[in-house]
Amino acid sequence: MPPSMVQVSPESQGLPSGAVLAWLDALAADGLELHGFTLRRSGRVVAGGHWFPYGPERVHHVYSLSKAFAAVGVGLLVQEGRLSVEDRGVDLFPDALPPVVGGHLRAMRVEDLLTMRTGHAADVTDALVATGDGDWVTAFLAQPVEFQPGTHFVYDSGASFLLSALVQRVTGETLLEFLTPRLLEPLGFRGARWVSNARGVNLGGWGLHLRTGDVASFGQLLLNRGMWQGQRLLSAAWVDAMSAAHVPPGTNPGDENSDWAQGYGYQVWRCRHGVYRADGAFGQFCVVMPQQDMVLAVTAGVRDMGRVLDHTWTHLLGAGQPSPLPPGADTEALRVRCETLTLDVPELLDPPPLRDVQAHFTFDPNDEGWESATLTIAGERGTLALDGPTSNTVRFTLNAWEEQTLDTWGTTVALTVRAGWQADGTLALTLLLIEDGARWEVRWPAPDASLSVGRCAPHYGEGHTLSARPSTLGA
């Protein structure tokens, strides 16, 4: 049974189903686009679901939530006596040092990488990426270290990359390979993958793709302080160190109500209410609530991550009771709700009108490098060909979801497409980069109109749309 599938009712674990329904209602009212969630209490999955076409067996890019797995990889090395948090980066990578090694760089320890207190004045990730297929470790160690390590916090995905690189340096395996038999297989993970740089090093700070339910299982391991089904996978001391506030809470006015200013541990954030979390851009969450004996995993595509947490504190945090509750009408209502969750997509005419189309478009200059597009429809089948440095042909069947792949940003990604005609005559296509949480909306209002390709929030600002002017048309 996939770990995202419900095992018992919320009431059996002292949590009213109405609280979960209220949480779902609040998210919907704010227009927050969740893709999946799993809620665990007292070690059991009490609620969960995915907004179709997302599903429990689909992996999702968890972005910076990846960092917590990098921290666990280091913790396992410490547990095995192969590394210490006091070890210095210059000793771990003696062959990648700059010609002159300053005192601050020489003082940088593994623990400084874990707590984002490397001494850098700003995130150095861009400098690593800018090397292309170059040596990111050498690039990291070449960056100026302006502050004494251990004294200055800067959120820095480059530090997380170096944690991945040091695991690979010590073990000869990628971080994912190292974690698989020690963590992922015992937890029942399936299909996990981690993007690597050109040198074959897992990115560490991002790039990990996981199922939503597997994120919840990871959170349960942390809640259990390293125990899983009677087996110790990770030392309790390491989990305690990960979840402690090594970086003090923020002190700016208003920080007391911010879940980004409660302190930082080993690649995880402290929250209000005695909670801690691993999180990633656009709403990827592993929220561990020790006092409530609960874990919440979320995969999503939202801009306002704080609202997801706010609704969690409001509707879920204080709802649990120490004893089982009797089932009620909300129990069945929640079950049905979770089984029928659907992504909010354009409403289409059903059955679809059948109109043969052959239309050609020329793009205005754009960052994607797309030059032209050709839209073809014959009966219920169609294609959208995008031409540029990388050319793609998107296939679709009217009023149906269709899976395929797309070559973009130098890689091949999973794509799920739905297309159809709207009541006003517009052809609407929804393109989901479904394992990365991104979404594009394509619109063609009329035969003599331009084609618009909207790169949707959260990844881009509202109204960020590419336009292609009609060149030759036939319909």
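The values are calculated or read from the model by the stated rules, or taken from the named source; none is laboratory data. Keep in mind that this is a model prediction, so the values were computed, not measured. FYI the Cβ positions are ideal-geometry reconstructions off the backbone, even for glycines, and counts take in every protein chain you see. Ligands, DNA and RNA are stripped out before the accessible areas are found, and what is left, the full protein with its side chains, is counted by its heavy atoms. Shrake-Rupley method; radii C 1.70, N 1.55, O 1.52, S 1.80 Å.
A few remarks follow.
- Each part reduced to its alpha carbon centroid, the range 180-243 and the range 1-79 end up 15 Å apart.
- Across the range 42-122, Cα-Cα pairs more than 20 Å apart make up 56 percent of the total.
- Ellipticity at 222 nm from helices only: DSSP H runs of n ≥ 4 in the chain, each -39500 (n - 2.57), divided by the residue count, give -6500 deg cm²/dmol.
- Relative contact order for the chain, counting Cα pairs under 8 Å that sit 6 or more residues apart, in percent: 17 percent
- Rounded to the nearest 20 debye, the dipole magnitude of the range 273-374 is 500 debye, with +1 charges on Lys and Arg beta carbons, -1 on Asp and Glu beta carbons, and the Cα centre as origin.
- Shape category assigned to the range 252-346 from the gyration tensor of Cα positions, a/c cut at 1.5: oblate
- Phi-based couplings in Hz for the range 282-294 (Karplus 6.51, -1.76, 1.60; Gly and Pro marked x): 6, x, 8, 9, 10, 9, 10, 10, x, 5, 9, 6, 10
- Dipole check for the range 58-133: with +1 at the C-beta of Lys and Arg, -1 at the C-beta of Asp and Glu, and the Cα centre as origin, the magnitude is about 200 Debye.
- Fraction of accessible area attributable to carbon and sulfur, the chain (%, probe 1.4 Å): 51 percent
- Scattering profile of the range 1-155 at q = 0.16, 0.17, 0.18 Å⁻¹ [log10 I(q)/I(0), Debye over alpha-carbon scatterers]: -0.94, -0.98, -1.04
- Computed accessible area, D387, all protein chains, 1.4 angstrom probe, square angstrom: 50 Å²
- Look at the alpha carbon pairs under 8 Å that are at least 6 residues apart: their mean separation over the length of the range 3-47 gives a relative contact order of 58 percent.
- Size of electric dipole in the chain: Cβ of Lys, Arg +1 and of Asp, Glu -1, about Cα centre, debye, nearest 20: 1100 debye
- Remark on the chain: hydrodynamic radius 24.0 angstrom, per the Kirkwood mean of 1/r across alpha carbon pairs.
- Accessible surface, the chain, averaged per residue in Å² (probe 1.4 Å): 39 Å²
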